[in-house]
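Contents: one structure, followed by commentary.
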There are 4 protein chains.
Amino acid sequence: MIRFESDYAEGAHKQILERLLETNEEQTPGYGMDEYCERARGYIRKACDAENADVHFLVGGTQANTTIISSILRPHQGAVSAITGHIAGHETGAIEATGHKVLTLPSDDGKINAKQVKELYDAHWNDATHEHMVQPGLVYISHPSENGTTYSKSELEELSKVCRECGLPLFMDGARLGYGLASKDNDLSLADIASLCDVFYIGGTKLGALFGEAVVILNDNIKKDFRYMIKQKGGLLAKGRLLGIQFETLFEDGLYYEISKHAVDLAMMIREAFVEKGFSLRYDSKTNQQFPILPNNVLNKLSRNYSFSYWEKVDDTHNVVRFCTSWATKKENVELLIEDIMKLES
Amino acid sequence: MIRFESDYAEGAHKQILERLLETNEEQTPGYGMDEYCERARGYIRKACDAENADVHFLVGGTQANTTIISSILRPHQGAVSAITGHIAGHETGAIEATGHKVLTLPSDDGKINAKQVKELYDAHWNDATHEHMVQPGLVYISHPSENGTTYSKSELEELSKVCRECGLPLFMDGARLGYGLASKDNDLSLADIASLCDVFYIGGTKLGALFGEAVVILNDNIKKDFRYMIKQKGGLLAKGRLLGIQFETLFEDGLYYEISKHAVDLAMMIREAFVEKGFSLRYDSKTNQQFPILPNNVLNKLSRNYSFSYWEKVDDTHNVVRFCTSWATKKENVELLIEDIMKLES
Amino acid sequence: MIRFESDYAEGAHKQILERLLETNEEQTPGYGMDEYCERARGYIRKACDAENADVHFLVGGTQANTTIISSILRPHQGAVSAITGHIAGHETGAIEATGHKVLTLPSDDGKINAKQVKELYDAHWNDATHEHMVQPGLVYISHPSENGTTYSKSELEELSKVCRECGLPLFMDGARLGYGLASKDNDLSLADIASLCDVFYIGGTKLGALFGEAVVILNDNIKKDFRYMIKQKGGLLAKGRLLGIQFETLFEDGLYYEISKHAVDLAMMIREAFVEKGFSLRYDSKTNQQFPILPNNVLNKLSRNYSFSYWEKVDDTHNVVRFCTSWATKKENVELLIEDIMKLES
Amino acid sequence: MIRFESDYAEGAHKQILERLLETNEEQTPGYGMDEYCERARGYIRKACDAENADVHFLVGGTQANTTIISSILRPHQGAVSAITGHIAGHETGAIEATGHKVLTLPSDDGKINAKQVKELYDAHWNDATHEHMVQPGLVYISHPSENGTTYSKSELEELSKVCRECGLPLFMDGARLGYGLASKDNDLSLADIASLCDVFYIGGTKLGALFGEAVVILNDNIKKDFRYMIKQKGGLLAKGRLLGIQFETLFEDGLYYEISKHAVDLAMMIREAFVEKGFSLRYDSKTNQQFPILPNNVLNKLSRNYSFSYWEKVDDTHNVVRFCTSWATKKENVELLIEDIMKLES
């Protein structure tokens, strides 16, 4: 069985494991106050061209989302998100558990736009009974989205502009950020993102690390007391250096970009194979997740040798499924898959 | 600088790292549904002589405490704890952040007893206005305690008996459990603990793992839907197998007990050295943490070559400090420390 | 200005005020432990044919909804509600503030049905990743709904049956319950409601009382420790007798039904006037709220002498508005309004 | 049975009931947007000499405490309070239910002082691991305290000064504020309180109103969006005018002060009677609550005709009890009590 069901099926990039081995017996202070974390912070600030950014390392995505959002919002405020956003549907109500509603916007492709945010904001403040409703308090986007789609620079600029006009901090969930940066359509740099968002994170779990997300805070208001929030939400790793070592490895020589490109290149090969055989794609993803619409007999055939995720039903004879590549995907496995796709009758 | 300031200053036991390396390229399902986790659960159930126990792996202690406690309590209930308990003072209000008060009992040595629990329970229910107060909903103990002390089998039996009479689930925080089991005073087995507690966890972070706590649930009422709670609190690790691999390594051949004994033996050597030189100990700890009361000039001398933690002030010229050993402590470093202690004028 | 904008524009029914005056100097125990509350509980149990029901008096609707829902749900569960439900949109996230998501079902008329609940329940449990989603934990309905519509006996029976099959407590928000019972389409008695729901409340604020909602708990599991929950949520009125006196007055001789009928009769006169003039109604309400779709010029004319609530936009020249009657509405005012409606050109 | 067990045993002052009757049929907008509330706000601002204060009316004390405290604190912060404070022990964990710890200071008489606050603040910030602890976020005091004691002007000035130096908003729970102002030792005016506190409330429930607390916000940071918080916490009364009418009556002609003085004068008569007979007082209260230490045989005798509250045990033969007077206490009842006290053998 060759697995394309997720981008977290393997361990870590071998350079990361080597570093963990090399440093294993060293003694360091706990909770992220060690020199590895400090150096990793420096590399990330540099990559973001954001000398004054605060950088914190958390273990996972749900934890990062919850800690960031609950740190920003006041009790009567909610987080604006696409209905498809991870916080809206796949975190067991983690945001609500901290007291906040997720205010959802319709989205077919996983993205939201500036106009939608402005309309929601205006609708709230123009309602005579707005005090009876949850006040929009920040905007959450994922990039790439849960559907593999990405924001262009101009889209993100417009969104950022509206957010600043409305006083809504803009927060980007970058659990798969590297795969977005590696998309051939991409015109956004980390520095662009750092200048347009108030806070975002750079995913490690799905991009070469054993685990870990690097939270980058640009807005000074959000920086204050953030370590208290991490500790309270259970995210302050005792051996914090494990996160520092991993992000140092990913960012000191461009490994993060390199492995992201590897995954996206392979995903595009899969995409092209499906397209060539005449299958449609549910979303126009240029990143590491591909969502072909396949007839049931094709699904049956492919599932003999490959694992992939069920996504949604189209009709009685067709379903959308998801194929993921990652930093760890082997080219030969992708070639086997493509061979098998090519043998299909579309 | 030789560090005795904590038991999480190094990485992981080398057998664990080797296993992580060996398995690194394997593809497994996520979120703890892999075969490594399954095998580790089996080893732990066997070690606890508790075939029907549910076993879950979490990343850290604050996360484990929060997830367990908030899963058990109804909104108007609180967790009974020693005033010195980790949840009472060192988790940035993580329990309160889930809506629950920590109901503290006085304690000088970190332990609480059956009589105290019964009196608090009776005081609540005998108060005519009890509905205006937080209802005790469970009892939290740490073993070893934050002060290195441990419960004897008869003490835990009495506590368990009262808790069952009062309908209060008994929860043991075992962040340093191995060091308690390795104490020469210990008469408790994992099976005893499993039969006397409703839920407890076996600490990995401070005992040879990179990170990880194994939660063991005995009470059927607490088992229900626990994975939802883990996910909501941000504790469901994507690459869950990392936890399975570590606990499998610790429990398949007794490594956990072996490395715990190593640490406690070294701690007892330190203890004896201080005692021999006539220094008092703040707590009667037979585990890996030692708390000598030292004059300031001694602290100054020792701090040139050794790191340790400040604990509390005794008077203007004396302070309590903490020396920790761990699975990773090198015997030669302890010998150097003892040599230097022996040179002190008491 | 004659006000039809809400059903809480006046004080209380004069019999209630008289009773408050008569009893004003009496001394009673606080917090609902007085004889007035006790008698009122008896009358309500009798009206519900539910001898074993627990009856509690709360001050307002948002408070009642929050207290009931947070008392029932475990942390990972949510409340299923119509998207139009009061808890979903008009309580400033009060449910989320207690940690729970509102799981919304589409609804055009304010009602939900058994099939929708079953489908949502099945969709949750059939999803392989259901632990990553909020688990449905109870079903909330409002009767009459926010749109004035009501459930028939057979509809409520079907809903109740599905809820019991799925293990989901059924909770009816009866802020305007009297107006539902007084609808000419109504075939539900209080006893029917008590036998089909697990918990519901009988609204007083909008039906003759200064304030107050009588919560009736039928399901034994929900009864436990409910007074703690009331106190914690700030709902345990010191002078609890004020609530007892009001509900005693409303229920000892049928005043509640009488004043409800008064309001609904007047609302139906307004409805008929609009219909006669050819205006459409947004919802088919047979209760005290009426929702005509009116052209802007009509709205302008009527707003000179009458207040009513804006509801929603239909198109550039038409809007839906709400006219409310209540126990306090004067027939002569309704007659004036109808006269003016009749003069309109439709 | 003559009741001295609480100060909320009766209804409301007759002038208040008369006003409610007079205005009963008027139609007003809901939720505190009516002219009665507006006028009451004006009277209170004037009484506080605080033109820019925001004034909000809530139904009860627990609600006021919860709404104010949760509005001010960020998630990692707690409320500093005397261990005896109402929020620390008598609100069923309402503060914790909003996510915040109550950080208690020892107190024998119900008061805390500037030095204690400064020490707690310094202890937090001087601790190297302060991020692992709840950060002090505001200071809560009750005046009069739960024990009937009051702050002098100089004490409050010192407290206020330290709070401002530390950036901790000072919040005064004034559930019995009138009785403090009426104490013969009092040297604080409402204007003083308004200039020294960031937010406080003027209790109505225990001082002549059916129910109601007037929250006065002085600090601009606390003003923002406060009505959202009231709604979310279930405190936005539909018929808000009921609160406006009551506070207008209490404050337009000094009724509040007059009835407070009545209660305190009677309480001092009771105090003097006990003292004259040689009984000790547990607290030095000059307000409407008196706490004599009485032998059990005396308690038995008095309890035949009078109700009072059990407070705490002194020894096997003595207990502290509480006698309350209120705006509604009849002088003849106090005289009967005093007669009976005088007949006691001390």
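Relative contact order of chain D: 25 percent, from C-alpha pairs under 8 Å at least 6 residues apart in sequence. What the stretch B:14-253 shows is 32 Å² of accessible area per residue, with the surface traced by a 1.4 Å probe over protein heavy atoms. Straightening the chain between residue D:342 and residue D:115 buys 77.5 nm, computed as 0.36 nm per residue apart minus the Cα-Cα spacing.
Between the alpha-carbon centres of the stretch A:58-95 and the stretch C:315-329 there is a gap of 38 Å. Residues of the stretch B:52-79 whose accessible area (probe 1.4 Å, heavy atoms of protein chains only) drops by at least 30 Å² once all protein chains are present, relative to their chain alone: B:59, B:62, B:63, B:74, B:75, B:76. At a threshold of 50 Å², the residues of the stretch C:83-106 that become less accessible to a 1.4 Å probe in the full protein assembly than in their chain on its own are C:90, C:92, C:96, C:97, C:101. Viscosity 0.692 mPa s, temperature 37 °C: Stokes-Einstein D of the stretch A:52-162 from its Kirkwood Cα radius, in µm² per second? Rounded to a whole number, D works out at 223 µm²/s.
Of the GluC sites (Glu not before Pro) found in the stretch A:277-346, the ones in coil according to DSSP and having at most 14 other Cβ atoms within 10 Å of their Cβ are A:345. By a 1.4 Å probe calculation restricted to protein chains, residue D:38 has an accessible surface near 100 Å², given to the nearest 10.
Cross-link partners of residue D:184 among aspartates and glutamates, defined as those whose alpha carbon lies under 16 angstrom from its own and excluding same-chain residues fewer than eight positions apart: D:258, D:265, D:272, D:284. For the listed residue pairs A:206/B:239; A:239/B:313; A:115/A:223; A:231/B:223, the alpha carbons are over 18 angstrom apart in A:239/B:313; A:115/A:223; A:231/B:223. Accessible surface computed residue by residue for the stretch B:256-342, with neighbouring protein chains in place and a 1.4 Å probe, gives 44 Å² per residue. Under the membrane-span-like helix rule (DSSP H runs whose alpha carbons stretch at least 15 Å along the helix axis, mean Kyte-Doolittle hydropathy -0.5 or higher), chain B yields B:61-72, B:241-252, B:255-276, B:331-342.
As a calculated quantity, the FRET efficiency between residue A:161 and residue B:122 at R0 = 60 Å, using C-beta atoms, amounts to about 0.45.
Compactness of the stretch B:14-253 was expressed as the Cα radius of gyration divided by 2.2 N^0.38 Å, which yields 1.00.
Determine the calculated [θ] at 222 nm for chain B from helices alone, applying -39500 (n - 2.57) to every DSSP H run no shorter than 4 residues and normalising by the residue count; nearest 500 deg cm²/dmol. The helix contribution divided over chain B gives -12000 deg cm²/dmol. Using Cβ point charges alone (K and R +1, D and E -1), the dipole size of the stretch B:1-67 about the Cα centre works out to roughly 180 debye. When the accessible area of chain C is computed with all protein chains present and a 1.4 Å probe, what percentage of it is carbon and sulfur? That share works out to 47 percent.
The largest accessible area among C:229, A:268, C:342, D:1 belongs to the first residue in D:1, C:342, A:268, C:229, and the rest follow in falling order (1.4 Å probe, all chains). Simple rule: put +1 on each Lys or Arg Cβ and -1 on each Asp or Glu Cβ in chain B, find the dipole, and look at B:82, B:289, B:205; the Cα lying farthest toward the positive end is B:205. Tell me which aspartates and glutamates have Cα within less than 13 Å of residue B:153's Cα, excluding those fewer than 8 residues away on the same chain? Cross-link targets: B:185, B:187, B:192. Inter-chain neighbour count for D:131-137: the average number of beta-carbon atoms from partner chains within 10 Å of each residue's beta-carbon is 6.
Each Lys and Arg contributes +1 and each Asp and Glu -1, all at the Cβ; summed about the Cα centre of the stretch B:1-145, the dipole is approximately 300 debye. Remark: accessible surface ordering of A:127, A:316, B:108 (largest first) is A:316, B:108, A:127, probe radius 1.4 Å.
In whole angstrom, note down how far apart the Cα centers of the stretch B:25-52 and the stretch B:182-200 are. For the stretch B:25-52 versus the stretch B:182-200, the Cα centre distance is 21 Å. Here the stretch A:14-254 carries DSSP beta bridges of which approximately 40% are antiparallel, counting only pairs with both residues inside. Excluding ligands, DNA and RNA and using a 1.4 Å probe, chains D and B jointly bury around 1300 Å² of accessible surface, summed across both partners. Rolling a 1.4 Å probe over the protein heavy atoms leaves residue D:8 with an accessible area of roughly 30 Å². Rg/Rh for the stretch B:173-326 stands at 1.06; both radii use Cα atoms, and Rh follows the Kirkwood definition.
The values are calculated or read from the model by the stated rules, or taken from the named source; none is laboratory data. Because the structure is a prediction, the values reported are computed rather than measured. All Cβ positions, even for glycine, are placed from backbone atoms using ideal geometry, and neighbour counts span all protein chains on display. What goes into the accessible areas is simple: the full protein's heavy atoms, side chains included, and nothing from ligands, DNA or RNA. Shrake-Rupley method; radii C 1.70, N 1.55, O 1.52, S 1.80 Å.
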